[in-house]
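The block underneath contains the structure these notes are about, expressed in structure tokens.
Just so it is clear, none of the values below were taken in a lab; they were calculated from the coordinates. This is a predicted model, so every value here is computed, not measured. No Cβ is skipped: glycine too gets one built from the backbone with ideal geometry, and neighbour counts run over all protein chains shown.
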There are 2 protein chains.
Amino acid sequence: METKPPYYAVVFTTKRTSADAAGYVAMAQRMEELARRQPGFLGLDSARGDDGIGVTVSYWESEQAIRAWYLVAEHQEAQKLGKEKWYEWFQLRVCRVERARSFQQSQAAPF
Amino acid sequence: METKPPYYAVVFTTKRTSADAAGYVAMAQRMEELARRQPGFLGLDSARGDDGIGVTVSYWESEQAIRAWYLVAEHQEAQKLGKEKWYEWFQLRVCRVERARSFQQSQAAPF
């Protein structure tokens with residue numbers, strides 16, 4: 001992701017219930033697919049460990065873009081199901097990215 | 001974590017190499033232990049999936065607190081080893097948390 005700060009990040013930390021694992025995976029994939037099509041979407045990082053705790057960070061050009069994604073009807077349904085059955089708890093934080101840097105291991109030449 | 005925004009978050013997204021798994025786990029635990037003792041530390045969320053991608057978000061009262069943690073000698077050694085052997089790549093973002101909310105599944109009474 002080459003965007004220069006400032007931009008926005010939504011940090012979504014969750015603890016999964018044990019309910020409906022297959023349904024959850026399908027929903028999560030669908031939400032990522034939908035988010036990628038939204039105006040102002042910049043990227044997404046996501047990981048979940050064996051303890052059921054996951055951290056998903058999505059990046060957006062503006063707070064308006066985050067609001068528009070929040071209001072997408074299919075996303076609102078997913079939010080409702082999240083509270084009803086998928087998450088034991090979650091924390092959601094909207095952040096302004098002030099500085100960013102990255103590192104890439106240099107690779108040996110392939111020949 | 002009950003702190004009210006604004007506060008700061010460091011989003012650290014990493015891809016592990018396959019090198020020195022035991023050493024990596026010991027280092028990660030030690031860094032968490034040290035970070036928790038730093039002035040201005042508020043909390044930490046972390047997850048790594050089977051694909052080797054991890055997202056760790058640490059929360060801090062101020063940018064000064066982040067800078068002070070960055071400069072802790074043992075942390076600087078870990079940063080050096082991270083580039084030398086533990087991470088294929090990483091991205092580091094310093095963010096200002098603007099808004100936060102949380103959800104907790106209501107529990108049935110235990111009797």
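Structural remarks
- Placing +1 on the Cβ of every Lys and Arg and -1 on the Cβ of every Asp and Glu, with nothing else charged, gives the protein assembly as shown a dipole about its Cα centre of roughly 420 debye.
- Listed residues A:ARG101, A:ARG16, A:ARG30, most fluctuating in chain A (Gaussian network, C-alpha, under 10 Å): A:ARG101
- Rounded to the nearest whole Hz, the Karplus-based 3J(HN,Hα) values (6.51 cos²θ - 1.76 cosθ + 1.60, θ = phi - 60°) of the stretch A:42-53 follow the sequence 10, x, 7, 10, 8, 8, 9, x, 5, 7, x, 8, with x at glycine and proline.
- Spatial separation of Cα centroids for the stretch B:24-99 and the stretch A:1-59, in angstrom: 20
- Scanning residues 5 or more positions from B:GLU88 or on other chains, those with amide H under 5 Å from its amide H are B:LYS15, B:ARG16, B:THR17, with H placed 1.01 Å from N in the peptide plane.
- Modelled this way, with points 7 Å down the Cα-to-C-beta line, the labels at A:LEU92 and B:GLN64 are 3.4 nm from one another.
- Listed by chain and number, the lysines whose alpha-carbon sits under 16 Å from that of B:LYS85, ignoring those within fewer than 8 places in the same chain, are B:LYS15.
- All aspartates and glutamates inside 18 Å of B:LYS4 as judged from Cα atoms, apart from same-chain residues fewer than 8 positions distant: B:ASP45, B:GLU61, B:GLU63, B:GLU98
- For chain A: Kirkwood Rh in Å [reciprocal of mean 1/r, alpha carbons]: 15.5
- In order along the stretch B:79-93, phi translates into HN-Hα couplings of 4, 5, 5, x, 6, 6, 9, 8, 10, 6, 7, 8, 10, 10, 10 Hz, rounded to whole numbers, per the Karplus curve 6.51 cos²θ - 1.76 cosθ + 1.60 with θ = phi - 60° and x for Gly and Pro.
- About the Cα centre, charge dipole magnitude for the stretch B:4-111 (Lys/Arg +1, Asp/Glu -1 at Cβ), debye: 280
- Using the Cβ-Cβ distance between A:GLN107 and A:THR3 with R0 = 35 Å, the FRET efficiency computed as 1/(1 + (r/R0)^6) comes to roughly 0.90.
- Linear extension gain, B:VAL72 paired with B:LEU34, 0.36 nm per residue minus alpha-carbon span: 12.8 nm
- Listing B:SER46, A:SER106, A:SER62 from fewest to most neighbouring C-beta atoms within 10 Å gives A:SER106, A:SER62, B:SER46.
- Gyration tensor (alpha-carbon) shape descriptor, the protein assembly as shown, a/c threshold 1.5: rounded
- Residue order, fewest to most beta carbons within 10 Å, for B:THR3, B:THR13: B:THR3, B:THR13
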